[in-house]
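Asker: One structure coming up, written as structure tokens, with questions to follow.
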Amino acid sequence: MKTKIIHFTDENTSTILFSSFVPNGTTNSESRRKMKEIISKAIVTELTDMQRICLTEHYLNDKKQKEIASELGLNASTVSRHIAKARRKLQNIASYYAS
């Protein structure tokens, strides 16, 4: 995706400042809230138990992959694969709802 440079002028300032509104009438904060809800549900319903454990331990509990691996009795590369697969699943779900 190319980055578009927009210069502020007297004519476009109000348009740029109110561009946080999505065409369907929702704001960015509403869209983010909906996306968080979708992702939260997907974590519970779409991920395997091991993917969910590895993902939450790594991102929410801020643990290193080696630490998670030793707690679960797994190889660090296995934990890495679980996290990567979980992220891909969540990205696919998010991209489906974002469009």
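Rule-based calculations on the coordinates, nothing more; no lab input. If you're wondering where the values come from, they're calculated on a predicted model, not measured in any experiment. Glycine gets a Cβ as well: all are built from the backbone with ideal geometry, and neighbour counts include every protein chain shown.
Asker: Pairs LYS64/LYS85; LYS41/LYS66; LYS36/LYS89; LYS34/LYS89; LYS41/LYS89; LYS34/LYS64: which exceed 22 Å Cα-Cα?
Answerer: Check vs 22 Å cut-off fails for LYS41/LYS66; LYS34/LYS64.
Asker: For ASP62 and VAL44, calculate 0.36 nm times their separation in residues minus their Cα-Cα distance, and state this gained length in nm to one decimal.
Answerer: Gain on extension, ASP62 to VAL44, equals 4.6 nm.
Asker: Using r as the Cβ-Cβ distance of LYS85 and LYS34, and R0 as 25 Å, what FRET efficiency do you calculate, to the nearest 0.05?
Answerer: The calculated FRET efficiency here is 0.55.
Asker: Sticking with this structure for a sec: All other residues with a Cβ under 12 Å from the Cβ of GLU30 taken together, and with Lys, Arg as +1 and Asp, Glu as -1, what is their net charge?
Answerer: Cβ neighbours under 12 Å give a net charge of +3.
Asker: Points 7 angstrom from Cα along the Cβ direction at ASN75 and ASN92: gap in nanometres?
Answerer: So the label points at ASN75 and ASN92 sit 2.4 nm apart.
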